[in-house]
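Peer 1: The structure under discussion is supplied below as structure tokens; questions concerning it will follow.
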Amino acid sequence: MAVARMKKISVLVLKPLAWQVLEVLQRQGAVQLVRARTEDPDLGSGLAPVPVETGEIERELEKARLCLRHLTRFWRERKGFIANFIGARRGVSRAQLAQNAGQFSPDELFAGCSRAESRLDEIKQSRSGLTARRQALLAWQALDMPLEQLTDTPGCRVITGQLAVRELSRAQQLTQAVPVHLEVVHQDGRHAYVVVLARRDSADAEAAVRAMELTAVSLRELAGTPAQLLAGVDRQLQELEQEEAEIAARARQLLGEVPRLRMYADWVALAGQVRNRAADLGATAATVLLRGWCPERQVERIREALYAISPAVELVAEDPGPGDRVPVRLENPGWVQPFEVITGIYGYPKYGALDPTPLLAPFFLVFFGLALSDAGYGIVLTFLSVLAIRKLDLPRGSTRLLRLLAYAGVSTVVFGALTGGWFGDLFDFLPVPALRQARAALTVLDPLQQPMTMLLVSLALGLVQIWFGLFLKLRAFLARGAWADALWETGPWLFLLPSLVLMAAGPAGPWRQYAQNAALAGALWVMAGASRQQPKWYLKPFTGLWALYSITGYFADTLSYSRLLALGLATGVIASAINQIARLGADIPVVGAVAFVAIMLGGHAFNLIMNVLGSFIHSGRLQFVEFFSKFFEEGGGAFRPFREETEFVHVID
Amino acid sequence: MFAMSLGIVAATIGIAMISIGLTLLQITMSGLPIALMGAAFAVVLGGVGSSMGVGLAGEAAAGVIAEDPDKFGKLLPLQALPGTQGIYGVLAAFLVMFRLGMFAGQVPVLTVDQGWQVFFACLPVALTCLVSGIYQGRASVAAIGLVAKRPEESGKALIMPAMVETYAVLGLIATILLLMFGVNI
């Protein structure tokens, strides 16, 4: 339960074996590689780059991807919402992958697929051209004559064009008293499409046409009536559509190849990832050097795996030096691992610092349970999470969120029962008195009846967590040997906060007097601690007072936990409201039962989702903002081992 | 956006002033309509805040999904975040009804003074939900941009907008406590 201890490893191998070593490391997935040639300037300067040829792998990968893109273009893969959210993928053994890659080549498919893809591109382009043409022709549809006849005659000029509708009456006025005829062919909301005939021998006609400011539309090179032309365009569009449907049908017929293509693509991608690591290697005349970080516990496993390749491999493991940026990996027992999700959201602690995961776990569970606070919802949440873990084919590690939700569900059952929430007030109107009695027997505190008590419980939990956070800070100071910091920075607050609580809420009598004195002493201790750094003696009291002012920060932090009351009430009251409305729905004649069931299912599902989201986020926030701020030393970069990264399947050993 | 929320607040105050005027003119008026007005404000202003917040986030999320439909699952929670303000408003209205004994089938009789007590008890949740809903929506929009660029950081993206919600929660707590202990019924 801590940040894993890391070793810096160097692997020296004869050149021809370098790729094999990388493959083994990829499979083991426990080493984060660093660039051997730049990591250590003294050592790296003597190393040469390792040449690598990736062209063929990239071509193969591109082929497989294009085929997949084409074949799945017309296919909507059915994936559950949860499966999609978690990123569930099919598990395939490595042997199967290799076997598939040996028997399968995408070349045959590729020829057809790439032809079809480029044809689809052409179809798309032709279609947009034809659609634009169709749009333009629609305006002239009413013109019932072949367009090639719409040409100038010796005595008359023929102009086709469009103008804004609001300009139309002005244009029509211009034709009066001059030998010009204006025919409106079509009007849509904004434009009028017109044919203008003007005598050539009249200067007035010429001027009038100019004054109309038509936007000329050339129809001259078209042959046939607009209606005929439109029919032609429609026919072409239809043909394109048909062709596309044929391509789609062919693609659908080949859908059976998709699983093999996917396995092939992942297999090639894995080989590509090995080749892409060439940049991390450094070469001497006959050997290759690899360097990286490996968790201490895994070093021996890696050593065995590498020595199994050949005797010509050497691995040296060292402790990290003072200037090293060591990657951080959390190591926790199985039941704590789901909570690493929460730590991961915030970011990792720096190397050598405390891993907060097991420490926040109980707080998170309690807060989540109080925020959701409905035993019925807890049962549903646990059931759904466990179901998803069982049913979805998930790689190890990606079930952590679901396992966390299952734990949170169990906690919700406990706190829901304690606060009397079972799908809101469902038991109150079910005709089973035993349920009501059981609920009453389990209920310790109904937040709707005693909101003040619940508020105090929330704040008390907050104080406990804040105090615990300060305690962890003290421990970190002591572990580092910083006795003065422990004594003057965290010590006084650890003492002052409980004294203040006792003073405000403790039992009356002499105890209150003791608490008051203790609080006063604590305050002086805080002031003394803060002013020890202040060199000017006359400023010391003010520095002390300023430090005391951060009491408001602790106060605000504590109040922040009041959200547990609000979130708990929100679940319960809205759930009860849904029951209320469903009962109203049950009174509808004929469809009453259906309405009741529909409102209950839909309403509670919605309420459950919204409140699980809210409870999760707010319980997390209390860790990050109120708890972590007391002790957490952030800044660790996550450990990202070189491992098998696949897109479509996950590899099983 | 800010002008709009100011406008809504101004309208709220205006309606309240008119109600006060009416009350002063008709001394015999019952307190029930005033109490219900408080409940209605909580629902309406919370709902307006959430509508705007969820709407803003939805526009941004739809844009990202147009590029990458696989992000739907990650973006939906971000869009849903500013939705809670509307729920808090409804919650306050239910608490008013609960406190007035409406679920027990009574028609409560309130003095004008008691009506105003309930009305003002509802204001914290109403106004904080209106404004925090909008601003949480804006933080969600930014978080959606974050997920679009770095999908692996969707956990952090959830936390940023959630910080805004604190003030809606505080408003709700004030309203709950005022309704439970601050109102003299």
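Only the coordinates and a few stated rules stand behind these numbers; no lab work does. This one's a predicted model, so the numbers in the text were calculated from it and none came from an experiment. Don't worry about glycine lacking a Cβ; one is built from the backbone with ideal geometry, like all the others, and counts go over all protein chains shown.
Peer 1: Between residue A:640 and residue A:170, what length comes free when the chain is fully extended (0.36 nm per residue of separation minus the Cα-Cα distance, one decimal in nm)?
Peer 2: Working it through step by step, the gained length comes to 161.8 nm.
Peer 1: Tell me, in nm to one decimal, what length is gained between residue A:200 and residue A:318 on full extension, where the rule is 0.36 nm per residue of separation less the Cα-Cα distance?
Peer 2: Length difference between fully extended and current span is 32.7 nm.
Peer 1: Oh, and also: Report the calculated FRET efficiency for residue A:588 and residue B:160 (r = Cβ-Cβ distance, R0 = 41 Å), to the nearest 0.05. Show your work: numbers first, answer last.
Peer 2: Working: r = 44 Å, r/R0 = 1.07.
So the FRET efficiency works out to roughly 0.40.
Peer 1: For residue A:513 and residue A:114, compute 0.36 nm times the residue count separating them, minus their Cα-Cα distance, and round to one decimal in nm.
Peer 2: 135.0 nm
Peer 1: Using the Kyte-Doolittle scale, find the helices of chain A whose mean hydropathy is at least -1.0 and whose Cα atoms extend 20 Å or more along the helix's long axis, counting only whole DSSP H runs.
Peer 2: Working: long enough: A:55-72 (25 Å, -0.65); A:107-138 (46 Å, -0.61); A:226-253 (40 Å, -0.69); A:258-276 (26 Å, -0.04); A:357-372 (22 Å, 2.11); A:375-391 (24 Å, 1.36); A:400-419 (28 Å, 1.33); A:451-479 (42 Å, 1.66); A:491-505 (22 Å, 1.75); A:510-531 (32 Å, 0.23); A:563-586 (34 Å, 1.20); A:592-621 (42 Å, 1.18).
Flagged H segments are A:55-72, A:107-138, A:226-253, A:258-276, A:357-372, A:375-391, A:400-419, A:451-479, A:491-505, A:510-531, A:563-586, A:592-621.
Peer 1: Is the shape of the protein assembly as shown rounded, prolate or oblate, going by the alpha carbon gyration tensor and its root eigenvalues a ≥ b ≥ c, with a/c under 1.5 for rounded and a/b larger than b/c for prolate?
Peer 2: oblate
Peer 1: May I pose another question? Using only helices, what value at 222 nm comes out for chain A when you add -39,500 (n - 2.57) per DSSP H run of length 4 or more and divide by the total residues, to the nearest 500 deg cm²/dmol?
Peer 2: -18500 deg cm²/dmol
Peer 1: Now, a different point. Beyond a 28 Å Cα-Cα separation, which of these cross-linked pairs lie in this structure: A:8/B:71; A:350/B:156; A:350/B:149; A:8/B:156?
Peer 2: From A:8/B:71; A:350/B:156; A:350/B:149; A:8/B:156, over 28 Å: A:8/B:71; A:8/B:156.
Peer 1: Quick check for you: which residues of the stretch B:150-185 have the amide N under 18 Å from the point 7 Å beyond the Cα of residue B:20 toward its beta carbon?
Peer 2: none
Peer 1: Shifting gears a bit: What nm distance separates the two modelled labels at residue B:102 and residue B:62, each placed 7 Å from Cα along Cα→Cβ?
Peer 2: Between residue B:102 and residue B:62, the simple spin-label model gives 3.4 nm.
Peer 1: On to the next question. Can you give the relative contact order of chain A as a percent, counting alpha carbon pairs under 8 Å and 6+ residues apart?
Peer 2: Once normalised by length, the contact order is 23 percent.
Peer 1: Shifting gears a bit: Please work out whether the stretch A:100-177 counts as rounded, prolate or oblate from its C-alpha gyration tensor, where a ≥ b ≥ c are the square roots of the eigenvalues and a/c under 1.5 means rounded, while otherwise a/b larger than b/c means prolate and anything else oblate?
Peer 2: Verdict is prolate for the stretch A:100-177.
Peer 1: Taking 8 Å as the Cα distance limit and 6 or more residues as the minimum spacing, I'd like the relative contact order of the stretch B:2-182 as a percentage.
Peer 2: Worked out over the stretch B:2-182, it gives 32 percent.
Peer 1: Would you mind getting me the FRET efficiency between residue B:72 and residue B:150? Use the beta-carbon distance for r and R0 = 22 Å, nearest 0.05.
Peer 2: 0.85
Peer 1: Next question. Straight-line reach from residue A:540: which lysines have a Cα under 29 Å away, not including same-chain ones fewer than 8 places off?
Peer 2: Cross-link targets: A:473, A:630.
Peer 1: What does a probe at residue A:105 reach in the stretch A:257-273, counting residues whose amide N is under 17 Å from the point 7 Å along Cα→Cβ?
Peer 2: Output list for this probe position: A:261, A:264-265, A:268.
Peer 1: Cut-off 11 Å, label point 7 angstrom out along Cα-to-Cβ of residue A:216: give me the residues of the stretch A:161-180 whose amide nitrogen falls inside.
Peer 2: Zone members listed by number: A:161.
Peer 1: If the reach is capped at under 13 angstrom between alpha carbons, list the aspartates and glutamates near residue A:15, excluding any in the same chain fewer than eight residues apart.
Peer 2: A:314
Peer 1: Of the DSSP beta bridges with both residues in chain A, give the percent that are antiparallel, rounding to the nearest 5.
Peer 2: 90 percent
Peer 1: Kindly state, to the nearest 0.05, the FRET efficiency for residue A:629 paired with residue A:398, given R0 = 35 Å and r defined as their beta-carbon distance.
Peer 2: Details: r = 30 Å, r/R0 = 0.85.
It comes to 0.75.
Peer 1: Still on this model: Could you tell me which chymotrypsin sites (Phe, Trp or Tyr not before Pro) in the stretch A:404-453 are loop residues by DSSP with no more than 16 other beta carbons within 10 angstrom of their beta carbon?
Peer 2: Answer by residue number: there is no such site.
Peer 1: How many nm separate the modelled label positions at residue A:279 and residue A:228, each set 7 Å beyond the Cα in the direction of the Cβ?
Peer 2: Here the answer is 6.4 nm between the modelled labels.
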